[in-house]
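Structure first, then comments.
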Amino acid sequence: MNLDERLELATRNAVEVITQEELKALLEGQGRPKAYIGLEPSGLVHLGTGPILAQKAMDLNKVGFDVTVLLADWHAFINDKLGGDWDTIRAAANYTVEAYRSLGVSGGVSFLHGSDLVADSEYWRSVLRVSKFSTVARIRRAMSIMGRKEEEAELDASRLIYPAMQVADIHRLDLDLAYGGMDQRRAHMLYRDLAPKLGWKQVVALHTPMLSGLQGGGRMDQWDLKMSKSKPETCIFIHDSPDAIREKVRGAFCPPKEVEGNPVLQFCQFILFPRFTSLRVERETAHGGDVEYEDYQALERAYSSGELHPEDLKAAVAGYLTEALAGPREFFERNREELEKVEAAVGL
C-alpha cells in the first residue's frame, strides 16, 4: 500500500482523528509505531465492542502499527463492574481475549492485562504526576469515560483515580496512537493537554463512533442510546445464534427512509461493508427484484429515497451478520468455560 492507501485504511470509519497531519507523519516514519485500545473486561462482547474495535485494531496493524489491547481489569474494579469480584473480572478478561481472537485479531495485535501494567512502581508515579498537573474539576469532567456522572465521585473517591490511570496507561505503554470510541475522547484529550507539561511525547487520538442500540431513535453521540452490554435488550452479542440475530434485527429501530440513529444501517456501514465487497438484497420481482450495493453510500441513498424497504434491508442484514459472526459463534460453541462464567456473572 502507498501512503494514501494506508492513511485511508487507518482512518476508515473513524469520526475523528487528532490530528490527521500527526498520523500521516507516523505512517511516513521509520519503524513501527505503537497503538492501543483499552477495554474494561466487564461483560459480554457485542457488535459495538467487538467487530468495530477488532476491525480497527486489524486495520492499524495492517498499515504498520504494533497494536496492544489493554484488558483494563483495575479500571473495571474501580468502575464496580461484575460486582468488583476479581476472579470474575479475570474470567471476563480471558473471555475477551478469546472473543477478539475469534473475530480474527491475531499477529501483530497483543493483549496485556492492566494488572501487569500497574505492577510497575513507575506506573503509579505517572498516575500521581497526571494528578498533580490536573485540577479536580478537569478529572471529574473526564469521568464520562467510565460511563459515570461527575457527582458520582462524591460516593466513591476511587473514581477520581480512573482518568489519571488511563492517561498513565498511554504514557507507560509508550504509545504513538490511542484508539477508542468517542466515549473515550476526554481521556485522550486530557493526555494531549498534559503531555507538553509532563515532558511526554504527543499521541494521535483516533475515535470511532458508538454504535446505536437496537432501540435506535437518536444521534450516535447520545450515550443513553448506545448499544450497551448492561442493557442486553439493546445488543446483538457476537456469539448469538442465527435465530437470535434474525429476531433482534427484525425488531430493531428502522423506520422507512430514516437514516439518523438507524442501527440497521450502522451495521451495514461499520460492520458489514468493511468485511464484504458488496451487500446483496433479495426481493420479490414485484418489489423490484434482487439488488446489489457496492458501497455503503449507494445503500444509504437507496434507503433514504424509499427505494429500499426496511423489511428487505433487515432480512439481508440478518443474513450477513450471521455469516460475519460465524467465527465467534462456532468458537464459543466449542469453548464455553469462560463465556459461561461471564454469563453467570451478568445473570444470563
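The values are calculated or read from the model by the stated rules, or taken from the named source; none is laboratory data. Remember, predicted model here, so these are calculated numbers, not experimental data. Note that we place each Cβ from the backbone using ideal geometry, even for glycine, and neighbour counts take in every protein chain shown. These accessible areas exclude ligands, DNA and RNA; they are computed on the full protein's heavy atoms, side chains included. Shrake-Rupley method; radii C 1.70, N 1.55, O 1.52, S 1.80 Å.
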- Note, ³J(HN,Hα) from phi for segment 125-134, Karplus 6.51, -1.76, 1.60, rounded to Hz, x at Gly and Pro: 4, 5, 4, 5, 5, 4, 5, 5, 9, 10
- Message: If amide hydrogens are placed 1.01 Å from N in the peptide plane, which non-local residues have theirs closer than 5 Å to the one on Y293?
- Response: L279, R280, V281
- Message: For the chain, place one equal point scatterer on every Cα, skip the solvent, and apply the Debye formula. What is log10 of I(q)/I(0) at q = 0.15 Å⁻¹?
- Response: -1.35
- For segment 1-102, state the average projected area of the convex hull of the C-alpha atoms over all orientations, rounded to one decimal in nm². 7.2 nm²
- Item | Residues of type lysines that K257 reaches as a straight line, Cα spacing below 24 Å, ignoring anything fewer than 8 places off in the same chain | K226, K248, K314
- Task: Specify the inter-centroid distance of segment 248-274 and segment 103-117, based on alpha-carbon positions, in whole Å.
- Result: 30 Å
- 5 angstrom amide H check on T68, placed H, neighbours 5+ away: A35, Y36, I37, S110
- Note on the structure: Sequence order, segment 79-93: Karplus ³J(HN,Hα) from phi using 6.51 cos²θ - 1.76 cosθ + 1.60, θ = phi - 60°, Hz rounded, Gly and Pro as x, gives 7, 6, 7, 6, x, x, 8, 5, 5, 5, 4, 5, 4, 5, 5
- Note on the structure: Straight-line reach check, K34, cutoff 12 Å on alpha carbons, 8 or more apart in-chain or any other chain, hits among aspartates and glutamates -> D66, D174, D176
- Quick one: which residues, 5 or more positions from K226 or on another chain, have an amide H under 5 Å from its amide H? H modelled 1.01 Å from N in the peptide plane, none for Pro or chain starts. G213
- Task: Compute the whole-percent fraction of alpha carbon pairs in segment 192-348 spaced more than 23 Å apart.
- Result: 47 percent
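Enter the per residue convex hull volume of segment 46-153, computed from alpha-carbon coordinates, in Å³ rounded to the nearest integer.
Hull volume normalised by residue count: 136 Å³.
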- Qualifying trypsin sites (Lys or Arg not before Pro) in segment 267-348, DSSP loop, other Cβ atoms within 10 Å at most 14: R275, R336
- Straight distance only, please: which lysines reach the Cα of K132 with their own Cα at less than 24 Å, same-chain residues fewer than 8 apart left out? K149, K197, K201
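Skip the ligands, DNA and RNA, and give the accessible area per residue of the chain with a 1.4 Å probe, whole Å². Write out the running numbers ahead of the final one.
Numbers: 15360 Å² over 348 residues.
So the chain comes to 44 Å² accessible per residue, rounded to a whole number.
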